[in-house]
Amino acid sequence: MHERRITKTVRIGDRVIGGGNPVLIQSMTNTKTEDAEATAEQINELENAGCDIIRCAVPTMEAAKSLKAIKERIHIPLVADIHFDYRLAIAAMENGADKIRINPGNIGSEDRVRAVVREAKDRNIPIRVGVNSGSLEKSLLEKYGGVTAEALVESALREAAVIEDMGYDNLVISIKSSDVLMCARAHELIADRTDHPLHVGITEAGTLYSGNIKSAVGLGIILYQGIGDTIRVSLTGAPIEEVRSAKRILKTLGLRKGGVEVVSCPTCGRTKIDLVGLANQVEAMVQSLPLDGLKIAVMGCVVNGPGEAREADFGIAGGDGVGLLLRKGEIIRKVPEEELLSALREELDQMMDSTH
């Protein structure tokens, strides 16, 4: 893992990104922002799952005004996603947005962009300049012969310069593409050309299955190089899945600690219990437990199970309709298959009781 790239620091509500601070997880609501109650409810669920910063679409003036009521019901910073209408950006900031996301190129005239920047500067609200491969300027498409990493970088820096030239540099930059390798290359290029914090993600990654694979590969390449200050895993699915995936990516790279890690073996011909179902049940069970740094191994057979589970705090080694429950590699007891989950939960409950 390369050393983290040190950028300027940017404060978003009560969170700080850049400057070597931890990489934060973002997601985006899929409720109607005009419905403050439903949107706030979803945001609080996402916060409980591990979301650090939330973004809401603001397509109407009603949505912009709804941010005030939403802010009163949530605890994490709120980003307003604005396109086309500069008045929505101003209204969003007036109603409590902690950050706004715009593309200066689609906001309109220089005067309109300047009005947005003036409001942000007066309130010291950061602006995220977002560029996607699907919205590149025609001049850059012609210059580079299509969408390229170099075109993405030039577009982002050009848009950021528009705001910087107006005397404001409280900025975050994002350059996203659904092409994983192009996106990774673009981040490598821009990291050498700006010290603004970077919001990283693979845009339009796809469904839960394909989107997770593309995001894990792309974000893994980028984050491993020390690039990135906030991330979003973009999935065609429930936002809570984005947060769970982002947490796992950060933990896998050693960029986030805490929580319970579940490891499990692939099934094989020796497996005589419902290992897939059991592993999924264990993973679901431990998500809400206040245990940090714990490792649980769910293994499919007694041949390799005890050895493979030795480095785990707790382990299950499956047998024929039964399983061994282990602690630190030592066998605690033999349990019928249908009781393995509850037996493991008992051990975890005892651990939690002993630490209080």
_Could you sort 256, 248 by their accessible area in this structure, using a 1.4 Å probe and putting the largest first?_
248, 256
*Mind listing the phi-derived Karplus ³J(HN,Hα) values for region 54-70, rounded to whole Hz, using 6.51, -1.76 and 1.60 with θ = phi - 60°, and x for any glycine or proline?*
10, 10, 10, 6, 10, x, 9, 5, 4, 5, 4, 6, 5, 4, 4, 5, 5
_Explain nothing, just the number: relative contact order of the chain, from Cα pairs under 8 Å at least 6 residues apart, as a whole percent._
13 percent
_Inter-probe distance in nm under a simple model that places probes 7 Å from Cα toward Cβ, at residue 123 and residue 288_ = 3.6 nm
*asked:* Before I look further, what does the chain give for accessible area per residue, probe 1.4 Å, in whole square angstrom?
replied: 45 Å²
*Over the heavy atoms of residue 322, what accessible area does a 1.4 Å probe trace out, to the nearest 10 Å²?*
40 Å²
_Among 199, 17, 140, which residue has its Cα furthest toward the positive end of the charge dipole of the chain, with +1 on Lys/Arg Cβ and -1 on Asp/Glu Cβ?_
140
*How large is the charge dipole for the chain, taken about the Cα centre, if only the Cβ atoms of Lys, Arg (+1) and Asp, Glu (-1) carry charge, to the nearest 20 debye?*
560 debye
*Carbon-plus-sulfur fraction of the accessible area of the chain, 1.4 Å probe, in percent?*
48 percent
*222 nm mean residue ellipticity, helices alone, for the chain (DSSP H n ≥ 4; -39,500 (n - 2.57); rounded to 500)*: -13000 deg cm²/dmol
*Simple label model, 7 Å out from Cα along Cβ direction - residue 345 to residue 333, nm*: 1.5 nm
*Given a Förster distance of 45 angstrom, what is the FRET efficiency for residue 32 paired with residue 270, based on the Cβ-Cβ distance and rounded to 0.05?*
0.30
*Let me know the Rg and Dmax you get for region 220-318 when you use only its Cα atoms, in Å.*
15.5, 45
*Roll a 1.4 Å probe over the protein heavy atoms and report the accessible area of residue 224 in Å², nearest 10.*
110 Å²
*Amide H to amide H under 5 Å from residue 323: which residues, 5+ apart in sequence or cross-chain, H placed 1.01 Å off N in plane?*
335, 337
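The values are calculated or read from the model by the stated rules, or taken from the named source; none is laboratory data. Just so it is clear, the model here is predicted, and its values are computed rather than measured. Positions of Cβ are backbone-derived with ideal geometry, glycine not excepted, and every protein chain shown enters the neighbour counts. For the accessible areas, the whole protein counts, side chains as well, though only heavy atoms, and no ligand, DNA or RNA atoms are used. Shrake-Rupley method; radii C 1.70, N 1.55, O 1.52, S 1.80 Å.
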